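Asks: If you scroll down you'll find the structure; I have some questions about it.
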Amino acid sequence: MLEVSFIGRRSVFNELSSIVTGPISVKYADSRVIRAVGNEVCILDYYVDADCSGNCVRVGRYVEPVELMGILTNVMVNMLNYELIKMGIDYGTERTGVVLVYDNTPLIGNILTPVKLIKLIKLINGRLSGVAIGDSPPARRFLGISISDLCSITDNVLVIDELESSRLRNWVSANGLMDDVADAYAIALTKPKVVIKCTSSKD
């Protein structure tokens, strides 16, 4: 579906590879001339002096996994049908599982802190068809504080019954996802009990 080439630090490449969960090919490139066309993207490290044409993105010196997730999310929102792209969130006060799903297939996922979740949302330049979040007291507090941030990337915030989503847990775990990411994936696949409509647009 998407081919990602990376040139730069091996540690950043390893982080990039660890957040990819779906049909995305990530390869380490050593060429100094890159042409990224079609469903290809090239990510260049901050210090790399390479000629890159097409869909190229450069990362900063202190790039974090959340920023790599933001880069990949923006690439996919631009390349794919946004009506089929959804984010699932298993919100926790310390560990929050986040997954990006395209047509019910998980593409990228990671475990973030609540602060990093907001950072990811602010990094997204585009619209998703929906953001699904499991219903819990911490998640309700998060929605109360952050609904405007969520509405900046979607028109539909989907509140999911976690008892319903837990019925998919064993099935989604077979995909090899980390525990909290698997929960977020199950949440993304579950029919919402409440849909919060919002029409705010991102500046």
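Computed from the coordinates by the stated procedures, all read-outs in this text should not be read as laboratory data. Keep in mind the model is a prediction, meaning the values are calculated, not measured. When we count neighbours, we look across all protein chains shown, and the Cβ atoms used for this are built from the backbone with ideal geometry, even at glycine.
Asks: Work out how much length Ser25 to Thr93 would gain on full extension: take 0.36 nm times their residue separation and subtract the Cα-Cα distance, in nm to one decimal.
Replies: 21.3 nm
Asks: By count of other Cβ within 10 Å, fewest leading, how are Tyr91, Tyr47 ordered?
Replies: Tyr47, Tyr91
Asks: Right, next: Please compute one quarter of the surface area of the Cα convex hull for the chain and express it in square nanometres.
Replies: That works out to 10.9 nm².
Asks: Using only helices, what value at 222 nm comes out for the chain when you add -39,500 (n - 2.57) per DSSP H run of length 4 or more and divide by the total residues, to the nearest 500 deg cm²/dmol?
Replies: Per the formula, -10500 deg cm²/dmol.
Asks: Using a Förster distance of 25 Å, how high is the FRET efficiency between Leu123 and Ser53, based on the Cβ-Cβ distance and rounded to 0.05?
Replies: Using R0 = 25 Å, I get an efficiency of 0.55.
Asks: If you add up the charges near Val37, with Lys and Arg at +1 and Asp and Glu at -1, over every other residue whose beta carbon is less than 15 angstrom from its beta carbon, what do you get?
Replies: Around Val37, the surrounding residues sum to -2.
Asks: Would you list Ser148, Ser129 from fewest to most Cβ contacts within 10 Å?
Replies: If I rank by nearby Cβ atoms, fewest first, I get Ser148, Ser129.
Asks: Right, next: In Å, what is the Rg of the alpha-carbon atoms in region 1-116, and how long is Dmax?
Replies: 14.2, 44
Asks: Once R0 is set to 22 Å, what does the formula 1/(1 + (r/R0)^6) return for the Cβ-Cβ distance between Asn104 and Val195, expressed as a FRET efficiency to the nearest 0.05?
Replies: Between Asn104 and Val195 the formula returns 0.75.
Asks: Something else now. At q = 0.21, 0.24 Å⁻¹, what is the base-10 log of I(q)/I(0) for region 2-58 according to the Debye formula with one equal point scatterer per Cα and no solvent? Please give it to two decimals.
Replies: Normalising to I(0) and taking log10 leaves -0.73, -0.95.
Asks: Order by neighbour count: Asp90, Asp180, Asp30, fewest other Cβ atoms within 10 Å first, most last.
Replies: Neighbour counts put them in this order, fewest first: Asp30, Asp180, Asp90.
Asks: Alpha carbon centre of region 1-60 versus region 87-155: separation in Å?
Replies: Computed from Cα coordinates, the inter-centre distance equals 25 Å.
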